[in-house]
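Since the structure comes first, as structure tokens, the remarks are kept for the end.
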Ligand code: NAD
Ligand code: GLY
């Protein structure tokens, strides 16, 4: 029996490309690069984890197709997403006399994809690169759409470039080695697509979340494909994020603030986004934009996915202060993506008074439910 596969097109004129989602595709990289017409020189950028798990397969396939592959291994983790690491990659490319017909391959999660994509964007004013994403976050989000970049000590993703990959090759089998916490965190971005663009997809997630959590192949292929379709459509409409693309930031205004407040240690990105989505929906409800049912459906699916939904203890000053540092702040105003119903969102500026009022009401509700649990003799 042949394993199912799917292809999604990102329609961007002469920068268009395909996303191929196919179990086992890492074994076909060499042949696919040959078909795309690349010269025989390739660089594989990866980290020690993905190098150990998947570089041998990729390198075997490259060498079978006659490619001469250089491997650049960058230390694991967000802390490596720096200008310094980009410099390491650029030096290795220059030493190997990389040309514009050579190709760079990003094998790993979002950190490697963003970093290697950025190096490809700036080396020789741009060389082609292929995304080989190995985390769920990377497969449904970061490998698609051409946002590449690195962090600065003062903030995430502050240096970067739009540089579209030539192709995205997704092997869902790689998700089987992903730590459970990373896998579940990626589900936050999947749920996000349902809220921002597709109620039917959201309903599918509500019904199938336990099979998805068990990594059943058919639902996994389906959620990756639908997420990529939604992202591809949004990017095709607004490649440079002048307007519509901003809807992809649903959950990220509060999510990024929580990541910053936790020093990027306590919550990983997807967990922060999960809390951010539920809380931004609650905020939308308090502003009269959506019904309480939207909040309760979202909260239920987030919890069923194994993600957190509740705000950790933060004061209004802390949260509002961290929200001011977000990239989504424009002319001093904090913009937030807010649901009107499942499948449709609006982008609105937030005013300090309503956020304060909403957070105060949240805190009061939390105190009162803790007190009633205590009265019932339950644990707090
Ligand atoms: P990550 O790249 O740090 O990967 C998470 C962990 O999983 C790492 O330890 C990694 O080594 C490990 N790993 C990767 N693949 C594995 C596999 N198959 N098996 C076992 N372990 C594996 O984190 P991430 O969540 O993939 O990406 C987060 C990054 O992506 C952030 O830097 C974020 O800013 C960026 N991002 C970018 C975009 C974009 O549009 N460019 C969108 C979303 C996120
Ligand atoms: N991850 C948000 C974007 O690509 O625009």
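The values are calculated or read from the model by the stated rules, or taken from the named source; none is laboratory data. Predicted model only: the values in this text are computed from it and were never measured. Cβ: placed from backbone, ideal geometry, glycine included. Neighbour counts: every protein chain shown.
Key figures
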quantity: Search result, residues across segment 281-307 that are under 18 Å from residue 323 (Cα atoms) and touching a strand residue (DSSP E or B) at 6+ places or on another chain (Cβ under 6 Å); calculated: 281, 284
quantity: Residues of segment 28-69 satisfying the condition of being at positive phi and either surrounded by 20 or more Cβ atoms within 10 Å (Cβ to Cβ) or free of Cβ contacts under 8 Å to residues at least 24 places away in the same chain (or both); calculated: 37
quantity: Qualifying residue in segment 235-245 (condition: modelled with pLDDT of 95 or more, touching a strand residue (DSSP E or B) at 6+ places or on another chain (Cβ under 7 Å), part of a loop (DSSP other than H, G, I, E, B) and away from ligand 2 (no atom under 16 Å from the Cβ)); calculated: no
quantity: Count of segment 222-238 residues which are surrounded by fewer than 20 Cβ atoms within 10 Å (Cβ to Cβ) and in contact with a helix residue (DSSP H, G or I) (Cβ under 6 Å, 6 or more places away or on another chain); calculated: 2
quantity: Top-ranked residue in segment 247-268 [being in contact (Cβ under 8 Å) with a residue 40 or more places away in the chain and outside any helix (DSSP H, G or I); ranked as nearest to residue 231 (Cα to Cα)]; calculated: 250
quantity: Scope segment 16-27; condition out of contact with any strand residue (DSSP E or B) (no Cβ under 8 Å at 6 or more places or on another chain) and either assigned to a loop (DSSP other than H, G, I, E, B) or crowded, with 18+ Cβ neighbours inside 10 Å (or both); matching residues; calculated: 23, 24
quantity: Scope segment 143-158; condition in contact with a strand residue (DSSP E or B) (Cβ under 7 Å, 6 or more places away or on another chain) and within 16 Å of ligand 2 (Cβ to nearest atom); matching residues; calculated: 143, 144, 146, 147, 148, 149, 150, 151, 157, 158
quantity: Flag for residue 138 being crowded, with 16+ Cβ neighbours inside 10 Å, within 20 Å of residue 28 (Cβ to Cβ) and within 8 Å of ligand 1 (Cβ to nearest atom); calculated: yes
quantity: Selection count where residues are at pLDDT 95 or above, more than 16 Å from ligand 2 (Cβ to nearest atom) and touching a helix residue (DSSP H, G or I) at 6+ places or on another chain (Cβ under 9 Å), scope segment 93-115; calculated: 7
quantity: Failed item, numbered, when residue 169 is tested on (1) within 16 Å of ligand 2 (Cβ to nearest atom); (2) outside any helix (DSSP H, G or I); calculated: (1)
quantity: Those helices (runs of 4 or more DSSP H) lying entirely in segment 269-365 with at least 2 residues surrounded by fewer than 18 Cβ atoms within 10 Å (Cβ to Cβ); calculated: 292-304, 316-324
quantity: Residue in segment 57-78 that is nearest to residue 42 (Cα to Cα), counting only those that are modelled with pLDDT of 95 or more and in a helix (DSSP H, G or I); calculated: 62
quantity: Residue identified as modelled with pLDDT of 95 or more and more than 27 Å from residue 179 (Cβ to Cβ) among 307, 283; calculated: 283
quantity: Checking residue 205 against (1) out of contact with any strand residue (DSSP E or B) (no Cβ under 6 Å at 6 or more places or on another chain); (2) within 16 Å of ligand 1 (Cβ to nearest atom), the condition it does not meet; calculated: (2)
quantity: Top-ranked residue in segment 239-259 [being farther than 19 Å from residue 195 by Cα and touching a helix residue (DSSP H, G or I) at 6+ places or on another chain (Cβ under 6 Å); ranked as nearest to ligand 1 (Cβ to nearest atom)]; calculated: 259
quantity: Flag if residue 115 is more than 13 Å from ligand 1 (Cβ to nearest atom), farther than 22 Å from residue 34 by Cα and in contact (Cβ under 8 Å) with a residue 40 or more places away in the chain; calculated: no
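Quick grid of which residues meet (1) over 22 Å from residue 73 (Cα atoms); (2) near ligand 1 (Cβ under 7 Å from one of its atoms); (3) buried (at least 23 other Cβ atoms within 10 Å of the Cβ); (4) modelled with pLDDT under 95:
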position: 121; (1), (2), (3), (4): no, no, no, no
position: 126; (1), (2), (3), (4): no, no, no, no
position: 133; (1), (2), (3), (4): no, no, yes, no
position: 154; (1), (2), (3), (4): yes, no, no, yes
position: 158; (1), (2), (3), (4): yes, no, no, yes
position: 175; (1), (2), (3), (4): no, yes, no, no
position: 178; (1), (2), (3), (4): no, yes, no, no
position: 194; (1), (2), (3), (4): yes, no, yes, no
